[in-house]
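Before any comments, here is the structure.
The values are calculated or read from the model by the stated rules, or taken from the named source; none is laboratory data. Treat the numbers as computed from the prediction; the structure is a model and nothing was measured. Here Cβ is always computed from backbone atoms with ideal geometry, including for glycine, and neighbour counts include all displayed protein chains. The area values use the complete protein model at the heavy-atom level, side chains included, leaving out ligands, DNA and RNA. Shrake-Rupley method; radii C 1.70, N 1.55, O 1.52, S 1.80 Å.
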Amino acid sequence: MRDPRLVAVTATTRADQGALRVRLNVAYLRALEGAGLIPLVVAPLADPQTAVGLLDQVAGLVLTGGEDVDPAHYGAVPHPALGTVHPERDATELALVQAARERDLPTLAICRGIQLLNVALGGTLVQDLPSQRPGALSHDPGDDRARRSHAVDVVEGSALAAALGATRIDANSFHHQAVEQVGAELRVTARAPDGVIEGVETDPDSPWSAIGVQWHPEELIDDPAPWDRGLFAAFADRCRRQLAFRRIPSRT
Ligand code: MN
């Protein structure tokens, strides 16, 4: 039986003390747990299809922050300021997005996640904001992770605005890349005052609900403002509802 609380959460691997180890900021787990969800951590696997098999067991997918997406995936030449790339993670997460889309599995994409989601749907990225958008705000001020450093304007009527309960919020910011051309099936739902894209989502008529944000809501769940808790609560709600009304019912 598919558990409506169980969600797949992507992670990375990093060499540490002579071994390659799975890594994920615990803040994601706390935020999801706080919304009543059970996070299942999915590391990059040698065969992306192995990870895809997990999506038959879960109610949702969370794409987390991390490395830059290899620009080869959106047909671009690497910019000199491109950061670390992780080929196995890219392959695993790109396969997960396609599989989530095929299954109409609610998807929440954060930071690298919004970028990966956009690339998976044929979009492109600004590879380095400081050099390619020199007039932009600082999107990586190196702050405390829970400091809201810039405003975000959210499109009225979007699923994101409904989840946040607001059309203007302040967000934290830890990214040097951003969505450039928006992928098929996605629309822009939020921008910083400098025009940098901070949110995308699938069309409201699409059976597949995917929401991406460029900031880190998982670091803001203890903040006095309810916006980011609302985002996780809305995701948990979508997971429950989607499972209840699936076109192909889960076996019980
Ligand atoms: Mn930002």
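Roughly how many Å² is the accessible area per residue of segment 58-208, as a whole number, for a 1.4 Å probe?
Details: 5630 Å² over 151 residues.
Accessible area per residue: 37 Å².
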Ranked by GNM mean-square fluctuation in the chain (Cα springs under 10 Å), the top entry among Thr107, Thr13, Thr92 is Thr13
Per DSSP H run of n ≥ 4, the term is -39500 (n - 2.57); total these for the chain, divide by its residue number, and report the mean residue ellipticity at 222 nm rounded to 500 deg cm²/dmol.
-> -8000 deg cm²/dmol
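Out of the total accessible area of the chain (probe 1.4 Å, heavy atoms of protein only), what percent is carbon and sulfur? Spell out each step's value before the answer.
Working: 5690 of 11010 Å².
Its accessible area is 52 percent carbon and sulfur atoms.
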Candidate residues Tyr74, Tyr28: accessible-area rank, largest first, probe 1.4 Å = Tyr74, Tyr28
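Under 8 Å for C-alpha pairs, at least 6 residues apart: give me the relative contact order for segment 171-252, rounded to a whole percent.
On the way: 79 pairs, mean separation 17.4, N = 82.
Over segment 171-252, the number comes to 21 percent.
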Round to a whole angstrom and tell me the spacing of the C-alpha centers of segment 1-38 and segment 51-109.
-> 15
What is the spread of the Cα atoms of segment 22-146 along each of their three principal axes, largest first, in whole Å?
-> 44, 34, 25
Name the most mobile residue of Leu116, Leu129, Leu20, meaning the one with the largest mean-square fluctuation, in a Gaussian network model of the chain with Cα contacts below 10 Å.
-> Leu20
Considering the options Gly53, Asn172, Pro204, tell which one lies farthest towards the positive end of the dipole of the chain, charges being +1 on Lys and Arg and -1 on Asp and Glu at the Cβ, about the Cα centre.
-> Gly53
What ³J(HN,Hα) values, in whole Hz, does the Karplus curve 6.51 cos²θ - 1.76 cosθ + 1.60 give for segment 140-153 when θ = phi - 60°, with x put for Gly and Pro?
-> 9, x, x, 7, 3, 5, 9, 8, 7, 9, 8, 6, 9, 9
Relative contact order %, segment 15-135, counting alpha carbon pairs below 8 Å whose residues are six or more apart | 29
Working note, segment 116-252: Cα radius of gyration (Å, one decimal) and Dmax (Å, whole number) are 15.7, 55
Taking Rh as the Kirkwood radius, which is the inverse of the mean 1/r over Cα pairs, what is the Rg/Rh value for the chain?
-> 0.94
